[in-house]
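The values are calculated or read from the model by the stated rules, or taken from the named source; none is laboratory data. The structure displayed is predicted, hence computed values, not measured ones. Ideal geometry is used to build each Cβ from the backbone, glycine not excepted, and the neighbour counts take in all protein chains shown.
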Amino acid sequence: MSPQLELRPGLADVPVAESAVSFIDGKRARLEYRGIAVETLARDSSFEETCWLLLKGDLPTQRELTDFDDQLRHHRRIKYKLTDLIKCLPETGHPMDALQAGVAAMGMFYPSRDVTNAKSNWDSAVRLIAKLPTIVSAFHRLRSGDEAVPPRDDLDHAGNFYWMLFEREPSPAVRKVLDACLILHAEHTMNASTFSGRVTGSTLANPYTVISSAIGTLTGPLHGGANEEVLDMLETIGSVENARPWLEKAVAEKQKIMGMGHRVYKVKDPRATVLQELAEHVFVETSRPKDYELAVEVERVAAGLLGPKGIYPNVDFYSGIVYSALGIPRDLFTPIFAIARVAGWLAHWLEQLKNNRIFRPEQIYVGNHDVPYVPLEKRP
Ligand code: ACO
């Protein structure tokens with residue numbers, strides 16, 4: 001053991017790369033993609049434009065954006081063998097696992113092994129962004145006993161995803177809300193799934209393997225999976241009156257309150273604030289869910305109990321409520337997160353490749369040495 005090594009559990013405060021993709025100021029509730037505030041992008045940009053910004057580093061010209069958008073629309077269809085593969089997956093399985101399997105399988109259809117080829121890397125990035133919504137919606141349709149709905153070229157990314165899920169077009173307001181949700185989830189500095197993707201990328205693995213690693217990491221309840229758990233928690237709490245007693249007991253028992261807390265933000269996550277505004281837009285068209293009033297009360301009570309420790313709502317706290325109001329099933333919340341975050345993962349992967357060194361951290365060995373091998377028949 002090297003005595004000079006200091007263990008930092010969870011790699012807290014340990015930089016693992018230099019990055020120009022995004023920036024968080026956890027005390028000022030500031031999140032920027034390539035220097036632009038996320039609130040501005042959610043209001044004024046589109047998911048397609050945000051993808052370009054993340055991947056290329058600057059906002060596109062009109063011509064670049066039109067061309068990129070055309071490429072995305074062109075690449076939405078998936079191979080019929082991939083649809084067949086999705087058909088064979090158990091309908092009771094989680095859509096995140098189906099997405100991870102589908103993306104890993106894409107690597108067999110597009111065996112782009114040479115990650116030094118910029119053109120091939122760009123083509124893979126476009127394919128991945130374009131096809132993730134098709135894989136998610138195909139799995140959802142097929143598991144429900146319906147046919148997969150083919151993508152439509154005349155709809156934008158968010159509108160087409162909604163179309164493929166429900167076989168109906170979203171209203172302009174719903175389309176805008178879904179688009180803004182994708183923008184808000186597109187990137188978030190060196191979080192667990194991005195790091196996972198960068199680690200896999202550092203081995204020069206193909207981009208489909210990189211993204212399937214990141215998807216796997218996003219599934220956990222401490223990361224992307226928390227948005228599902230927030231609705232479970234609100235169901236358990238049940239009523240506004242029960243919010244305080246439930247939270248007091250949970251905090252006393254040191255339970256983690258889902259959708260609250262963040263390694264970097266010590267104030268309310270700016271994405272949660274924007275999502276709350278978006279929720280109000282959705283409720284103009286849908287009924288106002290009772291979950292929402294309850295969530296607001298949970299936030300209010302939690303501010304007193306957990307606020308002093310810097311624990312406030314994160315992005316997952318209100319996202320599930322917005323998606324539920326749009327009629328989206330609970331287990332598709334995290335796949336939607338992945339459909340958005342693929343942009344950030346790819347931007348980090350391309351950045352990693354520019355100045356790559358394989359990740360090979362150290363460990364602090366705490367096991368034994370010189371242990372004798374005892375033959376099986378002599379073991380107690
Ligand atoms: N509820 C109650 N207490 C909490 C919470 C919470 N949600 N989050 C942190 N704490 C407390 C811990 O109990 C701990 O208290 P202690 O010092 O008295 O032991 C302290 O705050 C530090 O907590 P850690 O778990 O060490 O903080 P860490 O930075 O490692 O974890 C995390 C961050 C995983 C997000 C954590 O806040 C959490 O588990 N939150 C709930 C799950 C969640 O919402 N995840 C989504 C995160 S956002 C995203 O990935 C998209």
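Is it the case that segment 82-94 has a residue that's under 20 Å from the mean Cα position of the chain (by Cα) and either of a type in the set (A, V, I, L, M, F, W, C) or crowded, with 22+ Cβ neighbours inside 10 Å (or both)? Write out each step before concluding.
Keep residues of segment 82-94 that are under 20 Å from the mean Cα position of the chain (by Cα), which gives 93-94.
Then drop every residue that is not either of a type in the set (A, V, I, L, M, F, W, C) or crowded, with 22+ Cβ neighbours inside 10 Å (or both), which leaves none.
No, there is no match, as no residue in segment 82-94 is under 20 Å from the mean Cα position of the chain (by Cα) and either of a type in the set (A, V, I, L, M, F, W, C) or crowded, with 22+ Cβ neighbours inside 10 Å (or both).
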query: Of the residues Ala192, Ala205, Ala138, Ala158, which single one is within 19 Å of Ile336 (Cβ to Cβ), outside the structural domain of Glu297 (by TED's automatic domain parsing), surrounded by fewer than 19 Cβ atoms within 10 Å (Cβ to Cβ) and of a type in the set (A, V, I, L, M, F, W, C)?
result: Ala192
task: Please go through segment 188-234 and pick out each residue that is part of a helix (DSSP H, G or I), away from the ligand (no atom under 14 Å from the Cβ) and of a type in the set (S, T, N, Q).
output: Thr200, Ser202, Thr209, Ser212, Ser213
task: Return yes when Ala173 is in a helix (DSSP H, G or I), within 11 Å of the ligand (Cβ to nearest atom) and either in the same structural domain as Ala105 (by TED's automatic domain parsing) or without any contact (Cβ under 8 Å) to a residue 12 or more places away in the chain (or both) and no when it is not.
output: no
task: Return yes when Glu241 is surrounded by fewer than 19 Cβ atoms within 10 Å (Cβ to Cβ), outside the structural domain of Gly26 (by TED's automatic domain parsing), within 12 Å of the ligand (Cβ to nearest atom) and at pLDDT 95 or above and no when it is not.
output: no
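Could you say whether any residue in segment 71-79 is under 22 Å from Ala180 (Cβ atoms) and under 20 Å from the mean Cα position of the chain (by Cα)? Reasoning before the result, please.
At the first step, the residues of segment 71-79 found to be under 22 Å from Ala180 (Cβ atoms) are 72-73, 76.
Adding the requirement that they be under 20 Å from the mean Cα position of the chain (by Cα) leaves 72, 76.
Yes: one or more hits.
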message: If I filter segment 253-267 for residues that are within 15 Å of the ligand (Cβ to nearest atom), more than 26 Å from the chain's Cα centre (by Cα) and assigned to a loop (DSSP other than H, G, I, E, B), do I get at least one hit?
response: yes
